[in-house]
Amino acid sequence: MQVLTGVLNGNLTVISLDRISFGYDGRATLEGVEVTIPAGSFHFLTGPSGAGKTTLLKLIHLEHRPHKGSIALFGENIAPSDAAQRTRLRRRIGVVFQDFRLIDHMSVADNIALPLRLQGKPMATHREDVTELVEWVGLTERADALPRTLSAGEKQRAAIARAVITSPELIIADEPTGNIDAEMGMRILRLLVELNRLGKTVLVATHDLGLIRAAKSLVQARTLRLSERRLLLAASEL
Ligand SMILES: Nc1ncnc2c1ncn2[C@@H]1O[C@H](COP(=O)(O)OP(=O)(O)OP(=O)(O)O)[C@@H](O)[C@H]1O
Ligand SMILES: [Mg+2]
């Protein structure tokens, strides 16, 4: 499916965090976080509730600015005051939010198409992509439904389709299996693995160690662990 095919660009580093620190209201949440995430890789980000997983994803998505250190995305150093750069780079990232963030009064299909509209892309040329993606996530029969009538697993699949409709190179997913049963969790995981196989770089925050274990049979994934404000590479691979 063309819309899902990513571009693997040599040895490109998609995310590079250089000793970044961040906190809210004077409290340190992350300190000296360093990591390099290459193009085409699959990473899990884990750690207990409140460890800062969502915060780190927001830093990567350029929603927060680090208090110290620097971020580079797709090989470009982020200039803190360059709003145009931020907008341009964010378009290369698809985000699956912890709380879905579907628009209540829009159908599933319209929610999935929304990023295209926001980028000013003509819908006429993309209708087929939307239909294909709706089918890919198994929501063809629910395409005209409103989000409030969907199950949690269906909402999550709609959120994944919306995250990939613009063909982003990097997918970040925040607890994509948080509110769903194990079987649906595996289905979501398989969608993310498929995206990775199609060339996309995938970063998934989760405290579901069962999911990480299950993923090992599907994909070569590295696990990053947040602990006491620091980011560690999980040594034992669980
Ligand atoms: N907007 C905010 N204002 C103040 N403190 C915040 C804000 N957002 C998060 N925090 C705090 O920062 C810390 C890290 O929160 P974060 O949401 O990143 O954790 P998490 O690892 O994603 O947790 P969970 O597994 O529960 O989703 C927590 O102590 C949280 O209370
Ligand atoms: Mg979180």
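Using Cα positions and a limit of under 24 Å, work out the lysines in reach of K200, with same-chain residues fewer than 8 apart set aside. Output for K200: K53, K58, K121, K155, K216. Looking at the chain, identify the longest residue range that excludes and avoids all GluC sites (Glu not before Pro) in DSSP loops having at most 11 other Cβ atoms within 10 Å. Here the longest run is 1-227. Computed from label points 7 Å out along Cα-Cβ, the spacing between K216 and R230 is 2.4 nm.
Specify the residue with the greatest mean-square fluctuation among G23, G120, G75, computed from a Gaussian network of the chain linking alpha-carbon atoms under 10 Å apart. Fluctuation is largest for G120.
Comparing A145, A84, A158 in a Gaussian network model of the chain (Cα springs below 10 Å), the most mobile by mean-square fluctuation is A84.
The calculated FRET efficiency for the pair E128 and L12, based on their C-beta separation and a Förster distance of 30 Å, comes to about 0.55.
Evaluated with a Cβ-only charge set (Lys, Arg +1; Asp, Glu -1), the chain carries a dipole of roughly 480 debye about its Cα centre, given to the nearest 20. Between the range 195-238 and the range 25-86, the C-alpha centres lie 16 angstrom from each other. Dipole orientation for the chain: of the candidates A124, A145, L56, L56 has the Cα lying most toward the positive pole (charges on Cβ; Lys, Arg +1; Asp, Glu -1). Available extension along the chain between A145 and S49 is 31.3 nm, counting 0.36 nm per residue and deducting the alpha carbon span.
Using the rule -39500 (n - 2.57) for each DSSP H run of four or more residues, divided by the residues of the chain, the 222 nm mean residue ellipticity is -9000 deg cm²/dmol. Under a Cβ-Cβ cut-off of 11 Å, what is the net charge of the residues other than D110 that fall near it, where Lys and Arg count +1 and Asp and Glu count -1? My count for the surroundings of D110 gives +1. Approximating the spin labels as points 7 Å out from Cα along Cα→Cβ, the D99-to-A72 distance works out to 3.5 nm. Three semi-axes describe the equivalent ellipsoid of the chain; taken as square roots of 5 times the Cα gyration tensor eigenvalues and ordered largest first, they are 28, 21, 17 Å.
With each label modelled as a point 7 angstrom along the Cα→C-beta vector, the R92-R117 pair spans 2.8 nm.
Rule-based calculations on the coordinates, nothing more; no lab input. Everything numeric here is computed off the predicted structure, so don't read it as measured data. All Cβ positions, glycine included, derive from the backbone under ideal geometry; neighbour counts span all protein chains shown.
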